[in-house]
């Protein structure tokens, strides 16, 4: 099977000619033209941005974890089919983003467009162009500021040294040590001050980035809490009162940072793909904004806007003369079918796509039903079973292609859930879909583990960390030929793993024995320490098997038709009671289970003092948010009189 190589020279033939006109064009992509209307929360009469008495109005527009979804994507994160478009299940797309952002800017006198990282990696637009398209699109949309995601590092620091200079806006991140790579460090600063607004924005990234990316040894990532506080203090010493943070750290860790610092008014987040907002939305992980008390008992607001560009985050805030946010209004805007694409940008995108479209639309097979990827973070999932089964099949091929060397029998396979990036819809399965599912170019490797090592890995995955080192494991796993039962609700000082077995050549299950040695297929990324799943060991013998994406394509081609299934290979006794039937739960319950800490039903990383404020648990916080939403309170400052604190009720109307 042929694979495209990145050719950065190709993009030059379609280099965009300057920034698109700020004038909105009413040409629609649908056959019926109707009035273009913003959501109610985005429409207001705007007073002067900085009143004489020191008040400030600011509209924050934000994205995160777009992952190269230049084109619209369906609910599985892959390119929309005609059926998706007809049924209204086709979301996002940067040409639609252009429409939304321009109208928000037109409706609000002053705004900041911010990105929370991971703009790159995820579709053929990145696989083929390596960030060139992303840079052009972000410049077209007119971003004011961005921070760095872990996936920006996927092709190493050298690629970032080529990518960042192409951006027409600053990159901020306060907790990266560039001492060993000073040239790259020149392209990043800890914060940026918007002098006309008297607003500063500090950037930060998860300090697990070194474990989950290809950042390499020339950079390191530190605890963001002291780093952010250091620069808050520095900014306050300069007289800056209004301070925002731009994060790629995750919803729970952002709450922890808000509680462990002071002086940050608003955190615009990313990394955890969290939809915050309407509690009735099955995707909802918390209120928009989530309000955390900082070390001084003051409010820090937190927002995030899911992933894949499905939503554009939008929050209006009013700062008082002391630089504190005292009122706010907003909601994530669903970028759905009725929003017209900007025609000029759409034409450019069509040209970029043309380079790989024919190859990408090659049909490999057919899916009898949809494959779910959302559940992979928490438990066994249908997409995880498909990928792990494909890994095991290719690893058990007895003869290496083009060689007379025999490969030892592979006992089982496992992959990090974070390496499975999207699901599959029912119907034709194309190369583009598989490249979206597995975009990283990871290789499959056969190696050996002792039974004791395997049991330690499964215990650490079940507990979320290695007990001795306290290293956090940052991803669940999916398996084939290996099954285990665990209880994630147990205290950390107790064992979480209950049972682990492997399947032999005769399909008979046997208990994993500590002293035995097993041949295992996994990713090269994992053996290098990715997601802290295995403890890195020098001198481990490794046999290269195949690229993951090609193995998955070959597997689907060999099957012709694939069907999703669960067989109970991973069971968590904590939640739900019948994990093998979890997909029979309604959509809302399944969505909640996929993002909650099963021992407490709080998002992972939620500060203890926040939990103590709501004895009824996470649901009590959501209900409190709902009451605030419906009760409302008068806005203070120069925002419109009818704006309500916490007024995030979705009233999105038809765009055209």
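For the reader, a short list of remarks on this structure follows.
- Test for residue 454: is it assigned by TED's automatic domain parsing to the domain that holds residue 375, surrounded by 22 or more Cβ atoms within 10 Å (Cβ to Cβ) and modelled with pLDDT of 95 or more: yes
- Elements of the type strands (runs of 3 or more DSSP E) sitting completely within segment 173-249 and holding at least 3 residues that are touching a helix residue (DSSP H, G or I) at 6+ places or on another chain (Cβ under 7 Å): these cover 199-205, 242-248.
- Residues within segment 195-214 that are over 19 Å from residue 121 (Cα atoms), surrounded by fewer than 20 Cβ atoms within 10 Å (Cβ to Cβ) and under 27 Å from the mean Cα position of the chain (by Cα), tallied: 1
- Checked against the criterion of being assigned by TED's automatic domain parsing to the domain that holds residue 436, closer than 30 Å to residue 303 by Cα and buried (at least 22 other Cβ atoms within 10 Å of the Cβ), the candidates 413, 388, 375 yield just one match: 375.
- Conditions (1) surrounded by fewer than 16 Cβ atoms within 10 Å (Cβ to Cβ); (2) within 30 Å of residue 87 (Cα to Cα); number of the one not met by residue 434: (1)
- Within segment 503-543, considering residues that are under 32 Å from the mean Cα position of the chain (by Cα) and assigned to a strand (DSSP E or B), the one farthest from residue 457 (Cα to Cα): 543
- Qualifying residue in segment 429-447 (condition: more than 26 Å from residue 208 (Cα to Cα) and out of contact with any helix residue (DSSP H, G or I) (no Cβ under 7 Å at 6 or more places or on another chain)): yes
- Within segment 405-439, the set of residues being under 14 Å from residue 387 (Cα atoms) and part of a loop (DSSP other than H, G, I, E, B) comprises 420, 421, 422, 423, 438, 439.
- Residue match in segment 102-116 (condition: surrounded by 24 or more Cβ atoms within 10 Å (Cβ to Cβ), at pLDDT 95 or above and more than 23 Å from residue 317 (Cβ to Cβ)): no
- Test result for residue 345, out of contact with any strand residue (DSSP E or B) (no Cβ under 8 Å at 6 or more places or on another chain), assigned by TED's automatic domain parsing to the domain that holds residue 85 and either modelled with pLDDT under 95 or over 30 Å from residue 263 (Cβ atoms) (or both): yes
- Filtered residues of segment 544-574 (kept if part of a strand (DSSP E or B) and more than 26 Å from the chain's Cα centre (by Cα)): 544, 545, 546, 561, 562
- Boolean, residue 490 is part of a loop (DSSP other than H, G, I, E, B), touching a helix residue (DSSP H, G or I) at 6+ places or on another chain (Cβ under 6 Å) and either more than 21 Å from residue 448 (Cα to Cα) or at pLDDT 95 or above (or both): no
- Enumeration of residues in segment 310-324 that are farther than 18 Å from residue 105 by Cα and within 24 Å of the chain's Cα centre (by Cα): 310
- Residue that is surrounded by the fewest Cβ atoms within 10 Å (Cβ to Cβ), among those in segment 330-355 that are over 22 Å from residue 139 (Cβ atoms) and touching a helix residue (DSSP H, G or I) at 6+ places or on another chain (Cβ under 9 Å): 336
The values are calculated or read from the model by the stated rules, or taken from the named source; none is laboratory data. As the structure is a prediction and not an experimental result, all values here were calculated from the model. Reconstructed Cβ throughout: ideal geometry from the backbone, glycine too, with neighbour counts over all protein chains shown.
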